[in-house]
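Have a look at the structure below, then the notes.
Please treat every number below as a calculation from the coordinates, not as lab data. Model, not experiment: these values are computed from the prediction. Using ideal geometry, Cβ is built from the backbone for each residue, glycine included, and neighbour counts are taken over all protein chains shown.
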Amino acid sequence: MNMVMLALMGAATVGLLWSLGIARSLAMLVGATLMVGATGFAVQAVRHQPGILVRAASVPIAVDPGMVAFRTAVFAPQSPDALALASADGRLETGDTHAAAQGLLQDLAQHPRDSALWTELGYVLALHDRAVSPAAKFAFSRAVALAPGTPGPAFFLGMAYVDAGDLTAARPFWAYALAVTPAGALYRADIVERVAAIDQFARMAAAQSRVGRAVSDPLVQTAR
């Protein structure tokens, strides 16, 4: 029975992570990790040297059309921005995060006060480093400084934390993005759903933790 419960919890977790927009492979990995009693996503983080771009193996990265549409709705990029963002997306789809970052840096040299480009650079660097590295944080901080009180930079910083497996760190950024999103914005419902999904995951994790503590309780062991 315990194995059945664990299997159900793993399946529910994978479905929840899928609704958050996490890649299927990562969702399956996280679900499996929870099933064997892992303590959290943080232990999966890859250590790296901050700010150093190293050419990685070319593993294609799926660019979600829904996320592209969301980005367009949030930033409403002009033609040069849209071309630069589309170029970065194309390079990500080939798995070349290095080229995607380099292309964005070249675009930013021409448009250094472009919040959308800084946001995309932060997200690409986080994908490249497999963590929200200092370089990624710097890019996101520039985006926030250039567009204060807007949801885009905060939302994609939260998305970078989700991709890195740190849902706890992601939540305040998504909550902020929701708080500054206009009530009538078409993309507001998407942010609401994602915040709710994180909260549901937190409740599931807390429940699992309580079950784990109960099972390991000496009194429970004695009763057995």
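With a simple spin-label model that places each label point 7 Å from the Cα along the Cα-to-Cβ direction, the separation between Arg113 and Ser87 comes to 2.2 nm. Selection among Ala99, Val132, Ala116 by position relative to the dipole of the range 92-132 gives Val132 as farthest towards the positive end (Cβ unit charges, Cα centre).
Relative to the Cα centre, the charge distribution of the range 46-218, modelled as +1 at Lys and Arg Cβ and -1 at Asp and Glu Cβ, gives a dipole magnitude of about 460 debye. Among rounded, prolate and oblate, which fits the range 46-218 when a ≥ b ≥ c are the square roots of the eigenvalues of its C-alpha gyration tensor, a/c under 1.5 means rounded, and a/b larger than b/c means prolate? Oblate.
Distance between the modelled labels on Ala145 and Asp64, one decimal in nanometres: 3.0 nm (7 Å Cα→Cβ projection). Note on Arg188 and Thr94: the model spin-label points, each 7 Å out from Cα along the C-beta direction, lie 4.1 nm apart.
Can you tell me the FRET efficiency between Arg210 and Thr72 if r is taken as the Cβ-Cβ distance and R0 is 35 Å, rounded to the nearest 0.05? After rounding, the FRET efficiency stands at 0.25. Relative to the compact-globule estimate of 2.2 N^0.38 Å, the Cα radius of gyration of the range 75-173 comes out at 0.98.
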